[in-house]
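The values are calculated or read from the model by the stated rules, or taken from the named source; none is laboratory data. Note that the structure is a prediction, hence the values are computed from the model and not measured. Because the Cβ atoms are built from the backbone with ideal geometry, glycine has one as well, and the counts that use them run over all protein chains shown.
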Amino acid sequence: MHIEIWKLKKLIKSLEAARGIGTSMITLIIPPRDQISRVTKMLVDEYGTASHIKSRVNRQSVLAAITYAQQRLQLYNKVPRNGLVLYTGTVVNEEGREKKFTTAFEPFRPINSSLYLCDNKFHTEALSELLETDDRFGFIVIDGKGTFFGTMCGNSHGVLHKFTVDLPKKHGRGGQLALRFDRLRVEKGHNYLRKTSELATQLYTNPSTNQPNVTGLILAGEDGFNEAIKLSSHITAAVKFVKEKCLLDKYFKEINQDTGKYVMKNSLTGETVIKHLNKEEERDATNIKELDVKEKMPLIEWFADEYKRFGCALEFVTNKSQEGYKFCKDLGGIGGILRYKLDMSAFDSEDAEVSDDDGSEVREVSDYDDDSG
């Protein structure tokens with residue numbers, strides 16, 4: 001998911017930087033369960049309307065953009081499960097030259113917006129909403145009047161269940177009567193908390209696996225769901241850093257214990273993780289099971305496109321936590337946790353040349369030029 005989010009961030013940045021002449025750039029967003037036939041008919045109607053634009057240059061640009069969109073939609077029999085996003089039109093590059101631009105893709109999570117705009121820029125607001133975290137938090141807001149159960153994911157939140165309770169008040173009467181009322185009050189309070197916990201178990205666990213269906217559970221006594229969300233924002237925001245800390249703690253543990261089941265960009269032999277990946281590919285056996293990369297390094301695009309080829313998991317880390325800062329600054333920002341111990345003596349020689357079975361030479365790359373990406 002975080003890899004898809006990174007790719008989307010990069011796409012949004014390029015789309016927002018693009019500009020066209022007149023209204024030559026089309027933003028088309030089709031939500032799930034919509035019909036390609038409906039959108040195709042809409043584009044036909046838009047083409048007819050655009051044919052009456054007085055400015056010849058603007059008219060031709062708009063008609064060309066609509067044609068590009070129609071051509072791309074012909075590749076789809078139905079709207080993909082998560083919807084369809086299409087950007088197309090004539091953009092102007094840095095040299096002032098006009099260039100055709102078209103991209104269409106299914107987002108990595110459902111997009112619920114429906115949009116058609118013809119403008120001098122692309123509109124990315126709906127895409128930015130997809131960048132919100134997919135961590136789902138459960139909320140239990142409880143007081144002496146009742147309990148509220150809700151969930152929050154990104155900017156959206158919803159109500160799962162709520163119920164009220166009528167608990168007996170404390171009485172100032174003395175003697176045996178006071179003891180009796182106090183016993184009843186404690187008993188009803190206990191039953192109230194028991195009901196709350198039973199409902200929480202039902203609502204926040206998956207019945208088939210008996211595992212939590214939320215990233216975290218927040219218990220609040222505030223007056224209202226929105227207030228509870230507001231006051232717990234620092235908790236929900238910290239989840240990413242907790243995950244990052246756990247990941248890097250595991251990596252640093254391998255280093256501190258000198259297990260040999262790790263690699264880093266600035267390793268003792270001067271070897272890079274990339275060279276190790278290349279050599280493992282030659283052996284047709286991938287040792288690296290987790291690869292950690294700092295989020296803004298130039299090689300990130302290569303890793304995002306190629307990591308699956310090596311059979312490893314790719315994780316992004318930032319330098320915003322203490323562990324992340326140490327990883328990025330002191331260790332070069334690239335590290336790998338291995339499945340089994342690595343014999344580093346096999347990588348002692350830089351730029352070593354090895355021969356495969358047919359006698360042909362394979363030259364290993366000792367490092368990548370950062371500017372090349």
**Prompt:** Out of V79, V39, which single residue is of a type in the set (A, V, I, L, M) and more than 20 Å from D119 (Cβ to Cβ)?
**Reply:** V79
**Message:** For T88, only one of the following conditions fails: (1) within 28 Å of the chain's Cα centre (by Cα); (2) surrounded by fewer than 15 Cβ atoms within 10 Å (Cβ to Cβ); (3) hydroxyl-bearing (S, T, Y). What is its number?
**Reply:** (2)
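Just to be sure before I move on: is T40 touching a residue at least 12 places away in the same chain (Cβ under 8 Å), touching a Leu at 6+ places or on another chain (Cβ under 8 Å) and part of a strand (DSSP E or B) in the structure I sent? Can you show your working first?
Values: touching a residue at least 12 places away in the same chain (Cβ under 8 Å): yes; touching a Leu at 6+ places or on another chain (Cβ under 8 Å): yes; part of a strand (DSSP E or B): no.
Judged against the criteria, T40 is not a match.
Residue-wise test of (1) surrounded by 13 or more Cβ atoms within 10 Å (Cβ to Cβ); (2) touching a residue at least 12 places away in the same chain (Cβ under 8 Å); (3) closer than 14 Å to I140 by Cα.
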residue: V186; (1), (2), (3): no, no, no
residue: T201; (1), (2), (3): no, no, yes
residue: Q211; (1), (2), (3): no, no, no
residue: G216; (1), (2), (3): yes, yes, yes
residue: L219; (1), (2), (3): yes, yes, yes
residue: E244; (1), (2), (3): yes, yes, no
residue: L247; (1), (2), (3): yes, yes, no
**Request:** Count, please, the residues in the stretch 12-30 that happen to be touching a residue at least 60 places away in the same chain (Cβ under 8 Å) and either among the hydroxyl-bearing types (S, T, Y) or surrounded by fewer than 17 Cβ atoms within 10 Å (Cβ to Cβ) (or both).
**Result:** 6
**Request:** Pick out the one residue from G96, G83 that is surrounded by fewer than 11 Cβ atoms within 10 Å (Cβ to Cβ) and not hydrophobic (A, V, I, L, M, F, W, C).
**Result:** G96
**Item:** Any chance P168 is in contact with a Leu (Cβ under 8 Å, 6 or more places away or on another chain) and under 25 Å from G221 (Cα atoms)
**Value:** yes
**Looking only at the stretch 1-49, and only at residues there that are touching a Ser or Thr at 6+ places or on another chain (Cβ under 9 Å) and small (G, A, S), the one that is modelled with the lowest pLDDT** = G22
**Complete:** Considering only strands (runs of 3 or more DSSP E) wholly within the stretch 298-360, the ones with at least 1 residues that are under 19 Å from D258 (Cβ atoms), modelled with pLDDT of 80 or more and among the hydrophobic types (A, V, I, L, M, F, W, C) are 334-338
**Request:** Would you be able to tell me the number of residues in the stretch 91-108 that are of a type in the set (D, E, K, R) and not in a strand (DSSP E or B)?
**Result:** 4
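Taking the stated definitions as given, is T88 touching a helix residue (DSSP H, G or I) at 6+ places or on another chain (Cβ under 6 Å) and in a strand (DSSP E or B)? Give the derivation first.
Details: touching a helix residue (DSSP H, G or I) at 6+ places or on another chain (Cβ under 6 Å): yes; in a strand (DSSP E or B): yes.
Taking the combined requirement at face value, the residue satisfies it.
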**Prompt:** Would you pick out the residues in the stretch 53-75 that are assigned to a helix (DSSP H, G or I), over 16 Å from K100 (Cβ atoms) and either in contact with a Leu (Cβ under 7 Å, 6 or more places away or on another chain) or of a type in the set (S, T, N, Q) (or both)?
**Reply:** N58
**Message:** Name the single residue that is surrounded by the most Cβ atoms within 10 Å (Cβ to Cβ) among those in the stretch 99-129 being touching a Ser or Thr at 6+ places or on another chain (Cβ under 9 Å) and of a type in the set (K, R).
**Reply:** K121
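Looking at the stretch 114-130, can you tell me whether even one residue there is among the basic types (K, R) and over 22 Å from L28 (Cβ atoms)?
At the first step, the residues of the stretch 114-130 found to be among the basic types (K, R) are 121.
Okay, now just the ones that are also over 22 Å from L28 (Cβ atoms), so none.
Scanning the stretch 114-130, I find no residue that is among the basic types (K, R) and over 22 Å from L28 (Cβ atoms), so the answer is no.
Sort through T90, T151 and tell me the only one that's assigned by TED's automatic domain parsing to the domain that holds P31 and in contact with a Lys or Arg (Cβ under 8 Å, 6 or more places away or on another chain).
T90
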**Request:** Kindly list, by first and then second residue, each pair from a residue in the stretch 58-74 that is surrounded by 23 or more Cβ atoms within 10 Å (Cβ to Cβ) to a residue that is part of a loop (DSSP other than H, G, I, E, B), limited to pairs with Cβ atoms under 7 Å and residues at least 6 apart or on different chains.
**Result:** V62/I53
**Fill in**
With the first residue restricted to the stretch 302-330 and required to be under 16 Å from E244 (Cβ atoms) and small (G, A, S), and the second required to be modelled with pLDDT of 80 or more and not in a helix (DSSP H, G or I), Cβ contacts under 8 Å at 6 or more apart or on different chains are G324/V317
**Scope the stretch 6-29; condition of a type in the set (V, I, T) and either assigned by TED's automatic domain parsing to the domain that holds L314 or part of a strand (DSSP E or B) (or both); matching residues** = I21, T23, I26, T27, I29
